[in-house]
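The structure under discussion appears below in the form of structure tokens.
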Amino acid sequence: MLAGYDKDRDGLGQTLSLLREGFAQAAVGREADERLCNRVTVMQLVGAADAVERALLRAGRNVSIPLLSACMVEEVKAALAG
């Protein structure tokens with residue numbers, strides 16, 4: 001899905017920022033959402049937000065977007081698996 005951003009680094013940065021913010025907001029609002037309470041912990045959500053933050057930092061360098069995406073997905077999956 002992020003491969004389309006290969007020539008649009010600014011768009012990639014915006015998308016990753018939104019994704020990171022989504023995980024952070026989910027961590028904060030987890031108590032209000034009963035569905036999240038039973039599935040993930042705050043620390044798992046923070047770990048996922050951190051993984052996206054690392055991808056965002058890497059995106060500022062000359063990296064392959066497909067490789068960056070694959071690594072980020074694996075890091076997010078590992079964080080959410082706990």
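No lab work stands behind these numbers, since they all come straight from the coordinates. Quantities reported herein were computed from a predicted structural model and do not represent experimental measurements. For neighbour counting, all protein chains shown are included, and Cβ atoms are generated from backbone atoms with ideal geometry for every residue, glycine included.
Looking at (1) under 14 Å from the mean Cα position of the chain (by Cα); (2) without any contact (Cβ under 8 Å) to a residue 60 or more places away in the chain; (3) surrounded by 13 or more Cβ atoms within 10 Å (Cβ to Cβ), which is the one condition that is false for Val40?
(1)
Return yes or no: is Asp10 exposed (fewer than 11 other Cβ atoms within 10 Å of the Cβ) and assigned to a helix (DSSP H, G or I)?
It is true that Asp10 is exposed (fewer than 11 other Cβ atoms within 10 Å of the Cβ) and assigned to a helix (DSSP H, G or I).
If you check Glu53 against the conditions, is it crowded, with 16+ Cβ neighbours inside 10 Å and of a type in the set (Asp, Glu)?
Numbers: crowded, with 16+ Cβ neighbours inside 10 Å: yes; of a type in the set (Asp, Glu): yes.
Considered against the rule, which asks whether it is crowded, with 16+ Cβ neighbours inside 10 Å and of a type in the set (Asp, Glu), Glu53 comes out as yes.
Within region 17-34, is there a residue that is touching a residue at least 40 places away in the same chain (Cβ under 8 Å) and not in a helix (DSSP H, G or I)?
no
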